[in-house]
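The next block holds one structure in the form of structure tokens; read it before the comments.
Computed from the coordinates by the stated procedures, all read-outs in this text should not be read as laboratory data. Predicted, not measured: the structure shown is a model, and the values here were computed from it. Backbone-built Cβ (ideal geometry, glycine too); neighbour counts: all protein chains shown.
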Ligand code: IYR
């Protein structure tokens, strides 16, 4: 290995023993397994401090060459949420009425989604995650970013886990196409919308599809 130029610091994070490892991962698994995508939100406000802590957690994700190629836009402003809803529903309407294949519509039928997206106005926060296709140096020149989709995807996983840890619910929403998000939020030209995540408490009486997850033997192969 070449001599690193970063100042290196000691790192000795580890479980005490196998039992502690199992206890740790089982508790984490049980907690994460209770996370569900929610489409019916309560309008109950969520303090900005909670959203800040959630975003700080997401931003601990690893990234290509540690470029941290993400921007998290947290929207609670009602007028902006309305603007986003109107633009999203316009695109979704086109999608559900012609752009999506028959197979796609059949696959979504069990979940019961349609072009109607009230949660974009009802949820107290919309976190819009942008991926930075490149960065800008102080002098305005372009800086390369690496593995942007992988990095931002991992950060979004951390984001969803943090939202759940805060006792809140979220939806991974991808209106398509979603260029309108950069326009409405006035984002710079190096940013592309990646994911739209409404955050809040589930509405009273909210329900989610009663589906099961794949078992270990269906998702893992050991060699
Ligand atoms: N983006 C659309 C359609 C949609 C697509 C998939 I794949 C889903 O898992 C759910 C919805 C919408 O949000 O309705």
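Tabulated data for the structure shown
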quantity: Inverse of mean 1/r across different Cα pairs in region 127-223, Kirkwood, Å; calculated: 16.3 Å
quantity: Gain on full stretching of the segment that runs from residue 166 to residue 12 - 0.36 nm per residue minus C-alpha separation; calculated: 52.7 nm
quantity: Prolate/oblate/rounded call for the chain, Cα gyration tensor, a/c under 1.5 rounded; calculated: oblate
quantity: Most to least packed among 197-203, 66-72 [average Cβ atoms within 10 Å]; calculated: 197-203, 66-72
quantity: Region 33-97 - Rg (one decimal) and Dmax (whole number), Cα, Å; calculated: 15.8, 42
quantity: For peptides 176-184, 105-113, sequence by mean Cβ density within 10 Å, most packed first; calculated: 176-184, 105-113
